[in-house]
Number of protein chains: 6
Amino acid sequence: MKISARNQIPGTVKMMKKGPVTTEVVISIAGGLEIVSTITTYSAEHMKLKEGAKVYAVMKASEVIVGID
Amino acid sequence: MKISARNQIPGTVKMMKKGPVTTEVVISIAGGLEIVSTITTYSAEHMKLKEGAKVYAVMKASEVIVGID
Amino acid sequence: MKISARNQIPGTVKMMKKGPVTTEVVISIAGGLEIVSTITTYSAEHMKLKEGAKVYAVMKASEVIVGID
Amino acid sequence: MKISARNQIPGTVKMMKKGPVTTEVVISIAGGLEIVSTITTYSAEHMKLKEGAKVYAVMKASEVIVGID
Amino acid sequence: MKISARNQIPGTVKMMKKGPVTTEVVISIAGGLEIVSTITTYSAEHMKLKEGAKVYAVMKASEVIVGID
Amino acid sequence: MKISARNQIPGTVKMMKKGPVTTEVVISIAGGLEIVSTITTYSAEHMKLKEGAKVYAVMKASEVIVGID
């Protein structure tokens, strides 16, 4: 599926922390940076996510805040 | 201000497209990638955002979807 | 791409209203219901969305509120 | 209360999975489809949600992504 | 309709700025504070929102970031 | 960091409920009102949030729904 979400950043799952309902997924991206996602534990299991998996961090443009120092 | 949003990705404003209410901000980040944000035109003007400005793309972990090929 | 977003509702684009930055997309789904989405006009054009197109309305579970009468 | 959220899809609670903070609610809607929501366990209890309850899945238009095959 | 969104802050519409697709609504709340919302212009018109109207600013708990100085 | 999010409401942490992945934070604001946020437990610990702490509830304008009675 191709989606309207403009932001699809490639990376690798570095760490996962599973709760009963929610799972935290830490994704390593370019430049030594990380993006953290929380998804349902159901989705994490259904997608068979595990450390080392190649993934995309996907964000809708309307969810992204802009910060300045 | 320090915020709970886990994702604060540094970058540079590459392009802005201003509408009457909403402004689209394209941010160049590491690895030749881009993150797109839509914010209010009021905020864009209030923050004096312009092309070339050093910014952060900020996303709450709960807003990030995980994709796989 | 397969995504963690649990909600992927099939439908047909019924109407589109394009603004300079944001486009409103009305999607007809099963049961005579509609789901409305706002995306960037860039995405709408890039995906070549038009009335009659077969699409999915995709929502992350954390974005869905539950209401009762 | 009448709300600005354009998407208010009627359905029935099919399954709930309660965690200490977050509860997952699976809602059956028209066409044999499902919408999944995660809300606070506090809200689930406060609203007395249970399987079989008539509910609405409510989403703001800006949260809905459009996908195509 | 009663909704699971935990945050329903009462206020008064102080200002509206209508774009072709998106309308910005500035809401005065207690303590001399303001909350800004962007909704579809369709919703703003459908709800007959205008300056001085008594409204609620409604936010899902998962959308709220916590900041500290 | 200064952020584009228009809504930054000052308050005091009244209660916290920690789960393995997600923590619920109840913030007292002006007018005897409360705003509830769910953040990752990692963030709550990293920010050393505790009851009585002075904080801001931060919301992007696009996340705020408008309700009327």
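The mean count of C-beta atoms from other chains within 10 Å of the C-beta of residues in D:40-48, rounded to a whole number, is 5. In nanometres and ascending order, the distances from the F:Lys2 label point to those of the other copies are 2.1, 4.0, 4.0, 4.4, 4.6 (point 7 Å from Cα along Cα→Cβ).
Stokes-Einstein diffusion for chain E, with the hydrodynamic radius set to the Kirkwood value over Cα pairs and evaluated at 10 °C in a medium of 1.306 mPa s, equals 123 µm²/s.
Take B:Glu45, push a point 7 Å out from Cα through the beta-carbon direction, and compare it with the same point in every other copy: 2.3, 2.4, 4.5, 4.8, 5.2 nm, smallest first.
If I take R0 = 25 Å and measure r between the Cβ atoms of F:Asp69 and D:Lys54 in this structure, what FRET efficiency does the formula 1/(1 + (r/R0)^6) give, to the nearest 0.05? It comes out at approximately 0.70. Restricting attention to chain E, lysine pairs at least eight places apart or on different chains and with alpha-carbon atoms under 16 angstrom apart total 8. Any idea what diffusion coefficient the protein assembly as shown gets from Stokes-Einstein, in µm²/s, Kirkwood Rh on alpha carbon pairs, 4 °C, 1.567 mPa s? The Stokes-Einstein estimate is 62 µm²/s. Projecting 7 Å from Cα along the Cα-to-Cβ direction, the label point of C:Lys17 sits 1.9, 1.9, 3.8, 3.8, 4.3 nm from its equivalents in the other copies, listed shortest first. One Cα centroid belongs to the range C:36-69, the other to chain F; the line between them spans 27 Å. Within 10 Å of the Cβ of each residue in C:49-56, the mean number of Cβ atoms contributed by other protein chains is 3.
Every number in this text was worked out from the coordinates using simple rules, so none of it is lab data. Given the structure is predicted, the values throughout are model-derived calculations rather than measurements. Because the Cβ atoms are built from the backbone with ideal geometry, glycine has one as well, and the counts that use them run over all protein chains shown.
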